[in-house]
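Everything on this sheet refers to the single structure shown next.
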Amino acid sequence: MRPGLAHDILDLTSEHLILVLTAMAIACAIGVPLGILLTRRARWRAPVLGVANILQTIPSLALFGFLIPLPLIGGIGPRTAIVALVVYALLPILRNTLAGILGVDGAVRESATAMGMTPAQILREVELPLAARTILAGIRIATVTTIGTATIAAAIGGGGLGVFIFRGVASVDTVQILAGAVPAALIALISDGGLGWIERKFSA
Amino acid sequence: MRGRRKGQVGDLPYHQVNQVLRFSKVGYRVNGREVLRDLTFEVEKGQTLVLLGRSGSGKTTALKMVNALLTPTSGEVSVEGRATIEWNPIELRRRIGYVIQETGLFPHFTVAANVGVVPRLNGWPQERIAARVDELLTRVGLPSKEFGQRYPRELSGGQRQRVGVARALAADPPILLFDEPFGALDPVTRHEVRREYTALARDLGKTTLFVTHDVREALELGDRIGLLASGRLEELLPVNEFRRAQSAEASAFLECLSSDQNN
């Protein structure tokens, strides 16, 4: 092992984690409430999901590139990278929130209404708990994808484990590539397992 | 007119105050289809009116107007002397117990939590809720020591339906609505649950609107029977007179009763 490599791995891994966690926090903060809103506004569903779908199809390297010239959210560095990651994470969260809530048994919702629950109480006590598992599944998928996609952040100076990979590709250095790829894969596996475990806790 | 009625409930003649539920010329139209037409009847305090009819006769639609899940497109439904559109729907619904065929129990709540929902929403203290849940579960034959901590999926259909009835009664609402509550049960369980329910209903003296397509159930549970056909009230008779009703639809229902007995 090269001197300092272990230290670099730790540094870049923590950069990577910060990228992913920030992006996921923002994506959840937008995606879950927007998904809930869409369950109440049937007419907005198709257009909003359409936009999210189109954003999802933009190749990730291209999306990072598109963002660079934009004011405020653009430029070089982690901020731009986070914006791009949020865009990618949004669709699975949005779609699963919508599917989870719309999937709640109509008879259950009707009896909640008939018992005199307010719409806020129905959301908090009935819809969200019953949709929790599906929503968490969306968050899990988004997290795993984001961990992989975040390696591209290095292309626009966003840092993270992608730095190793790009450096390794440029210098045809397999050790460098592995130093980026293996920790990224490990983080993805651990997140998938952990979030899957939480998800199963909600299988009531 | 509405404002006056609202302000003067106390001055109305006795028989009108006593009409807990009143449908006046109620119609319901959806997408140009007439589901209910000119429906007029009332249910007096403590009485049970059974709305009997085939599938699609509009009986469930009528029922859902009482707790404002649906609003009439013409005419008026009034509850305790006040039109449903003048009630705060949340307040109105807390005064009405509602039991449906699919039970609508919350799958993520225990049996005890399901029964305690409305008392909790009404802000009862913990101990009072627990005592009430105990009392009701014992009453429907599911002692809370054994069943309180189970989830609905761990119960049989008949047990779930009993929990549904207990839940509707929990906050002691003056009005009860039943929509084919025993329809999904096998004949034996159905008979059992119905018999228990009849005993319970007699004790409680609630004002009840009960929807069914089963004429035997109607005769057993009702004080009066309203026969609905294609959204119109064909007959509105006390149970004894209904047995002798002559209209084609009534005869059709009574006939299936006698053919049942021959079997």
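Each value in this text was obtained by applying a stated rule to the coordinates, not by laboratory testing. The model shown is predicted, which means the values in this text are computed figures rather than measured ones. Neighbour counts run over all protein chains shown; Cβ positions are idealised from the backbone, glycine included.
Filtered by the rule that a residue be assigned to a loop (DSSP other than H, G, I, E, B), surrounded by 22 or more Cβ atoms within 10 Å (Cβ to Cβ) and among the polar types (S, T, N, Q), segment B:47-83 gives B:SER57, B:ASN67. Can you spot a residue in segment B:140-161 that is touching a strand residue (DSSP E or B) at 6+ places or on another chain (Cβ under 9 Å) and either closer than 22 Å to B:GLY97 by Cα or surrounded by 21 or more Cβ atoms within 10 Å (Cβ to Cβ) (or both)? Yes: segment B:140-161 contains one or more residues that are touching a strand residue (DSSP E or B) at 6+ places or on another chain (Cβ under 9 Å) and either closer than 22 Å to B:GLY97 by Cα or surrounded by 21 or more Cβ atoms within 10 Å (Cβ to Cβ) (or both). Look at (1) surrounded by fewer than 22 Cβ atoms within 10 Å (Cβ to Cβ); (2) within 15 Å of B:SER55 (Cα to Cα); (3) within 13 Å of the chain's Cα centre (by Cα); (4) hydrophobic (A, V, I, L, M, F, W, C) and you find that B:VAL211 fails only one, number (1). The set of residues in segment B:54-92 being more than 30 Å from B:ALA248 (Cβ to Cβ) and away from chain A (no Cβ under 14 Å) consists of B:SER78, B:GLU80, B:GLY81, B:ARG82, B:ALA83, B:ILE85, B:GLU86. If you go through segment B:165-182 and keep only what is in contact with a helix residue (DSSP H, G or I) (Cβ under 8 Å, 6 or more places away or on another chain) and of a type in the set (Gly, Ala, Ser), you end up with B:ALA166, B:ALA170, B:ALA171. Of all residues in segment B:105-125, those that are farther than 18 Å from A:ALA114 by Cα and within 11 Å of another protein chain (Cβ to nearest Cβ) have Cβ atoms under 9 Å from Cβ atoms of residues that are polar (S, T, N, Q) and part of a loop (DSSP other than H, G, I, E, B), 6 or more apart or on another chain, in B:THR110/B:GLN149. Looking across segment B:84-102, just one residue is part of a strand (DSSP E or B) and either surrounded by fewer than 17 Cβ atoms within 10 Å (Cβ to Cβ) or among the hydroxyl-bearing types (Ser, Thr, Tyr) (or both), and that is B:TYR98.
The set of residues from segment B:110-148 being outside any helix (DSSP H, G or I) and under 13 Å from B:VAL163 (Cβ atoms) comprises B:THR110, B:GLY116, B:VAL140, B:GLY141, B:LEU142, B:PRO143, B:GLY148. The selection criterion, being of a type in the set (Ser, Thr, Tyr), within 20 Å of the chain's Cα centre (by Cα), closer than 19 Å to A:VAL144 by Cβ and surrounded by 14 or more Cβ atoms within 10 Å (Cβ to Cβ), holds for A:THR22.
The condition (being within 27 Å of B:ASN18 (Cβ to Cβ), buried (at least 16 other Cβ atoms within 10 Å of the Cβ) and within 17 Å of the chain's Cα centre (by Cα)) is satisfied by just one residue among B:ASP179, B:ASP172: B:ASP179. Taking (1) closer than 20 Å to B:GLY58 by Cα; (2) surrounded by 19 or more Cβ atoms within 10 Å (Cβ to Cβ); (3) in contact (Cβ under 8 Å) with a residue 40 or more places away in the chain in turn, B:ARG232 satisfies each apart from (2). Hey, among the residues in segment A:102-143 that are part of a helix (DSSP H, G or I), among the acidic types (Asp, Glu) and under 28 Å from the mean Cα position of the chain (by Cα), which one's nearest to the other protein chains (Cβ to nearest Cβ)? This residue is A:GLU125. Of all residues in segment A:144-156, none satisfies being outside any helix (DSSP H, G or I) and among the hydroxyl-bearing types (Ser, Thr, Tyr). The residues listed here are A:GLY159, A:GLY180; of these, the one that is surrounded by 18 or more Cβ atoms within 10 Å (Cβ to Cβ), small (Gly, Ala, Ser) and under 23 Å from A:ILE68 (Cα atoms) is A:GLY159.
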